[in-house]
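Written out below as structure tokens is the structure these notes cover.
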Amino acid sequence: MTAIKVFSGTAHPVLAESICHHLGVPLGRSHVVRFSNENIKVRIDENVRGADVFVVQPSCPPVSDGLLELLIFIDALKYASAERITAVIPYFPYVRSDKKDEPRISIAARLCADLLQTAGAHRVLTLDLHAPQAQGFFRMPCDQLSAVPLLCQHLQRQDLRDTVVVAADVGEAKDAGRFAKRLGLPLALVDKRRIDDRERAKAVTLVGEVAGRRCLIVDDEIATGGTLFEAAELLRQHGATEVRAAIVHPVLSGEAVPRLERSSVTQLLVTDSIPIPESKRSPRIEVLSVAAFLAAAIDRIHEGQSVSALLE
Ligand code: R5P
């Protein structure tokens, strides 16, 4: 295999550019056309024959278009004789649809994994899947990075006295445990229930001691923010003096940002796994870039070196 080439779909070109900057390679030339009938055409505008190709495309609105564009991108690269194609998907599409927890529903995240393989991807590089075991959906190599070490490194530079790490829900308990261990802090847990498909969350019980302490809520993603704001309210009711949050994927759907600004959450630390449009910026949101981290993983994949060593 000769050159390493990085291409970007239309989802997050800023992240792709930044990854290229860290790798010291130019962004691959391509263009995407959307026709009046909503069909998508992807054209690769340079030679990729025999190349080790990485396509960066996290899932963000419009999600279905972005997914199809990625599949068409991979298909175009395959027919252009790329030697190996890695889909770099920092936020994986349909990642919360990872189990059959109701009768007669689809496991759409697994379906997305199948589609990538059908399109011609040889590998996937992703970040903090909603449930880490979803890695098993892929019948090709899938490197799952975690932004937890990166977020912790940043948090360690802040004042963490009297702080308790709080898992936003029981599903987050393991990751929250990793935060707590790295930061040397105690852990508490919120028992959250979902009421229905209207994305409403209810924080029911708190396990752990937060009275008179500062809380750091951790989660894999913030969508409507219901989970975070419910948890924050519960913590305040139990005597927390301050609530902050560290969340990997800033989906920030619907009214999440105005709600954040009205909430008791003073700081929300996220990554740039998904682009945050200007309309969703807030002084309470701090963004850490995962570009250097993804670039290092891409370099290691290309060189055949250990990727897990990056997480240590
Ligand atoms: C779900 O279990 C996840 O870990 C997040 O808590 C959830 O996706 C956040 O969604 P929302 O912000 O809409 O409550």
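The values are calculated or read from the model by the stated rules, or taken from the named source; none is laboratory data. Computed from a predicted model, the values in this text were never measured in an experiment. Heads up, the Cβs are rebuilt from the backbone with ideal geometry, glycines too, and the neighbour counts pull from every protein chain shown. We work out accessible area using only protein heavy atoms, side chains counted, and drop any ligands, DNA or RNA first. Shrake-Rupley method; radii C 1.70, N 1.55, O 1.52, S 1.80 Å.
Tabulated values for the structure
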| item | result |
| --- | --- |
| Solvent-accessible heavy-atom area per residue, rounded to whole Å², over region 13-94 at 1.4 Å | 48 Å² |
| For the chain, size of Cβ-based charge dipole, Lys and Arg +1, Asp and Glu -1, in debye | 180 debye |
| Using distinct alpha-carbon pairs, which all enter the 1/r mean, Kirkwood radius of region 168-220 in Å | 12.0 Å |
| Check: region 107-182 dipole with +1 on Lys, Arg Cβ and -1 on Asp, Glu Cβ, in debye | 220 debye |
| Phi-based couplings in Hz for region 87-95 (Karplus 6.51, -1.76, 1.60; Gly and Pro marked x) | 8, 9, 10, x, 10, 7, x, 6, 5 |
| In degrees, nearest ten, helix 108-119 long axis to first principal axis of the chain (Cα) | 20 degrees |
| Choice from LEU234, LEU129, LEU294 with maximal GNM fluctuation in the chain (Cα, 10 Å cutoff) | LEU234 |
| 29 Å Cα-Cα reach of LYS192 towards lysines, excluding residues that sit fewer than 8 places from it in its own chain | LYS99, LYS100, LYS174, LYS181, LYS202, LYS280 |
| Cα-projected label distance for LYS174 with ARG139, points at 7 Å along beta-carbon direction, nm | 2.4 nm |
| Kirkwood hydrodynamic radius of region 228-312, from inverse mean 1/r over distinct Cα pairs, in Å | 14.9 Å |
| Kirkwood hydrodynamic radius of region 10-51, Cα pairs, Å | 12.0 Å |
| Length-normalised contact order of the chain in % [C-alpha pairs under 8 Å, at least 6 apart] | 13 percent |
| Degrees, to the nearest 10: 291-303 long Cα axis against longest axis of the chain | 50 degrees |
| Highest average packing first - 2-8, 29-35, 189-195, Cβ atoms within 10 Å | 2-8, 189-195, 29-35 |
| Average projected area [Cα convex hull, region 147-270], square nanometres | 6.7 nm² |
| Convex hull of the chain built on C-alpha atoms - directionally averaged projected area, nm² | 16.6 nm² |
| Additional length obtainable on full extension of the chain from VAL63 to GLU255, 0.36 nm per residue less Cα span | 67.3 nm |
| Shape category assigned to region 116-207 from the gyration tensor of Cα positions, a/c cut at 1.5 | oblate |
| Heavy-atom accessible surface of the chain: percent carbon and sulfur, 1.4 Å | 50 percent |
| Burial ranking of peptide ranges 43-56, 88-101 (average Cβ count within 10 Å, highest at the top) | 88-101, 43-56 |
| Nitroxide proxy distance, nm - points 7 Å out along Cα→Cβ at SER308 and HIS22 | 2.1 nm |
| Crossing angle, helix 226-237 versus the chain [Cα axis fit, 0-90 degrees, rounded to tens] | 20 degrees |
